[in-house]
Amino acid sequence: MAVGKALALFCGLLLILSCVCGMSPLGKQRCMCKGRGAERISTQHLKKLEVFPMSFGCDEIEVIVTMKSGSKICLNPQSKFANKLLSALRKKRSSK
């Protein structure tokens with residue numbers, strides 16, 4: 001019976017350790033975007049633009065757009081549209 005308890009405890013410990021090892025450091029989650037992302041969006045409904053650099057949890061640059069409706073869309077950071085949008089944002093910030 002003691003062997004059964006020890007085995008159950010060992011299996012439980014392995015389960016906990018496998019969950020902890022799967023977590024990324026500092027609570028950072030994996031990439032927020034799945035796949036390449038959209039090539040372009042309608043700028044009329046654009047509310048917010050966020051750029052997330054590469055990190056320990058994700059080895060991709062992520063560009064996430066929040067629409068006025070509240071929906072979030074991932075943009076392909078290598079697309080011409082995303083590059084033009086980011087360039088326009090940089091120019092706007094530098095002119096302030």
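Structure data summary
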read-out: Straight-distance crosslink candidates among aspartates and glutamates, where the alpha carbon sits under 18 Å from Lys48 and sequence neighbours closer than 8 are dropped; value: Glu39, Glu62
read-out: Of Lys34/Lys72; Lys34/Lys92; Lys72/Lys92; Lys34/Lys80; Lys68/Lys91, pairs whose Cα-Cα distance is over 21 Å; value: Lys34/Lys92; Lys72/Lys92; Lys68/Lys91
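Quick note: the coordinates plus some simple rules give every number you see, no bench work behind them. Only a predicted model underlies this, so the values are computations on that prediction, with no experimental measurement involved.
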